[in-house]
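Just dropping this structure here.
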Amino acid sequence: MKVFVTGSTGFLGQAVTQVLVKASHDVSAMVRSSRHRLVDGVVPVESNLSSVDELTKILKGTDVVVHLAGKVSRDPQDGPEMHDIHVNGTRVLLQAMQQARVRRLILSSTSGTIAVSKESGYIATEADTAPIDLIGRWPYYMSKFLQEKEVLSWDAQDKVESVILNPSLLLGPGDERLSSTGDVLKILEGRLPAITKGTVAFVDVRDCATAFLSAIEQGKRGHRYLLNGVNLSVSSFVERVARAGDVPMPLLKLPSRFAKLSSKFIEGAYQAMDRIPPVDSVSVEMGCYHWGCSWSKAESELDFCPRDPQQTVNDTVQDLANRGIFRKS
């Protein structure tokens, strides 16, 4: 099968293209420059998500598009750029697919479009709707929600046959840009000021990659699949990371209100001195909510099988150590 992949150089993209090549698919990948390193066996195609005509020519003869391209950021100032990439760029891709007569689209979104709540113990399923009052606070999740909405609209009009995959926080080896594993590094370096009362969900990127392969052949049109490996309290997550890196646990535990206020105060004080804050107030705010979801649908329909979450944490920490980003004591 001829597969075209966007976002192939990212954390998830590297894992997905590796699995596709191993499964003997004919894989080509969109890159912005020939300097980008791809998995062996992947054919690079220099392009972007701005020209419908150019993408139409590239997509001729393609069987399925795996759309992973995106920007992960918690900085509100990156909101316009993320909207442009996730919403406008996806619209360009859909138009090109229609003109090139390519029907099948596998979209990578995020569990955060539906799997976040103010309520402790909440476990989302694919039947849940987006909590707009929450995700509207964070441009990344809002832009991904609008991206999903765009794709599903095209699907409803029979212009595309889409499958949406929603991974939780991606961990594992190979995150060269620290787009997902940056949270782990903060814990290892002692840059987590306090443990909040929230919950966190994460999944191994390698397990997600196999789900994308399954989705190409087994995913049901117009359906979403939550991909997750474990639901934990923030305290349990921090404890697992600290144990893997042999670093001390943060001692301070704060209620959500105080955690948000203190992080904003610290961040503001450092910015006033024109210094880089040691704490990210948006990340602290997000850690005060409850992120969790079920993966039973993916398990039954995509043969999704997440590995032991502690092994994922161990491999993530070891990868950071192997690359010299974190030094174990």
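Inspect the stretch 33-45 for any residue being in a helix (DSSP H, G or I) and under 21 Å from the mean Cα position of the chain (by Cα) and give the result as yes or no. So that I can check it myself, show each step before the final result.
Here is the first cut: in the stretch 33-45, the residues in a helix (DSSP H, G or I) are none.
Within the stretch 33-45 (the criterion being in a helix (DSSP H, G or I) and under 21 Å from the mean Cα position of the chain (by Cα)), the answer is no, since none of the residues qualifies.
Keeping to the stretch 74-115, report how many residues are assigned to a loop (DSSP other than H, G, I, E, B), within 23 Å of Thr17 (Cα to Cα), in contact with a helix residue (DSSP H, G or I) (Cβ under 7 Å, 6 or more places away or on another chain) and not aliphatic (A, V, I, L, M).
2
Could you say whether any residue in the stretch 136-145 is touching a residue at least 40 places away in the same chain (Cβ under 8 Å), under 27 Å from Thr312 (Cα atoms) and in a helix (DSSP H, G or I)?
Yes, some residue in the stretch 136-145 is touching a residue at least 40 places away in the same chain (Cβ under 8 Å), under 27 Å from Thr312 (Cα atoms) and in a helix (DSSP H, G or I).
For the stretch 116-123, check the following and say yes or no: at least one residue is assigned to a loop (DSSP other than H, G, I, E, B), in contact with a strand residue (DSSP E or B) (Cβ under 6 Å, 6 or more places away or on another chain) and of a type in the set (Phe, Trp, Tyr).
Yes: the stretch 116-123 contains one or more residues that are assigned to a loop (DSSP other than H, G, I, E, B), in contact with a strand residue (DSSP E or B) (Cβ under 6 Å, 6 or more places away or on another chain) and of a type in the set (Phe, Trp, Tyr).
Just give me the residues in the stretch 9-43 being over 17 Å from Gly172 (Cα atoms), among the hydroxyl-bearing types (Ser, Thr, Tyr) and either in contact with a Phe, Trp or Tyr (Cβ under 9 Å, 6 or more places away or on another chain) or touching a residue at least 12 places away in the same chain (Cβ under 8 Å) (or both), in sequence order.
Ser28, Ser33, Ser34 - these are the residues of the stretch 9-43 that are over 17 Å from Gly172 (Cα atoms), among the hydroxyl-bearing types (Ser, Thr, Tyr) and either in contact with a Phe, Trp or Tyr (Cβ under 9 Å, 6 or more places away or on another chain) or touching a residue at least 12 places away in the same chain (Cβ under 8 Å) (or both).
Please state which of the following conditions Lys149 fails to meet, knowing it meets all the rest: (1) crowded, with 17+ Cβ neighbours inside 10 Å; (2) charged (D, E, K, R); (3) modelled with pLDDT of 95 or more; (4) within 19 Å of Gly112 (Cα to Cα).
The single condition Lys149 does not satisfy is (1).
Let me ask something else about it. Tell me whether the stretch 258-281 contains one or more residues that are among the β-branched types (Val, Ile, Thr), modelled with pLDDT under 70, part of a helix (DSSP H, G or I) and in contact with a helix residue (DSSP H, G or I) (Cβ under 9 Å, 6 or more places away or on another chain).
Yes.
Can you pull out the residues in the stretch 176-197 that are under 19 Å from the mean Cα position of the chain (by Cα) and on the phi > 0 side of the Ramachandran plot? Outline the logic, then answer.
Start the filter on the stretch 176-197 by keeping residues that are under 19 Å from the mean Cα position of the chain (by Cα), which leaves 176-186.
Result: Leu178, single match.
Are any of the residues in the stretch 109-128 modelled with pLDDT under 95 and surrounded by 18 or more Cβ atoms within 10 Å (Cβ to Cβ)?
Yes, that holds for at least one residue.
Please indicate, with yes or no, whether at least one residue in the stretch 94-105 is closer than 13 Å to Val151 by Cα, touching a Leu at 6+ places or on another chain (Cβ under 9 Å) and surrounded by fewer than 22 Cβ atoms within 10 Å (Cβ to Cβ).
yes
On to the next question. Would you say Met1 is in contact with a Phe, Trp or Tyr (Cβ under 8 Å, 6 or more places away or on another chain) and of a type in the set (A, V, I, L, M)? Steps first, please.
Details: in contact with a Phe, Trp or Tyr (Cβ under 8 Å, 6 or more places away or on another chain): no; of a type in the set (A, V, I, L, M): yes.
Here the answer is no, as Met1 does not meet what is asked.
Count, please, the residues in the stretch 155-175 that happen to be surrounded by fewer than 17 Cβ atoms within 10 Å (Cβ to Cβ) and either under 14 Å from the mean Cα position of the chain (by Cα) or aliphatic (A, V, I, L, M) (or both).
Here the count works out to 1.
The values are calculated or read from the model by the stated rules, or taken from the named source; none is laboratory data. Since we're looking at a predicted model, the values are computed, not measured. When we count neighbours, we look across all protein chains shown, and the Cβ atoms used for this are built from the backbone with ideal geometry, even at glycine.
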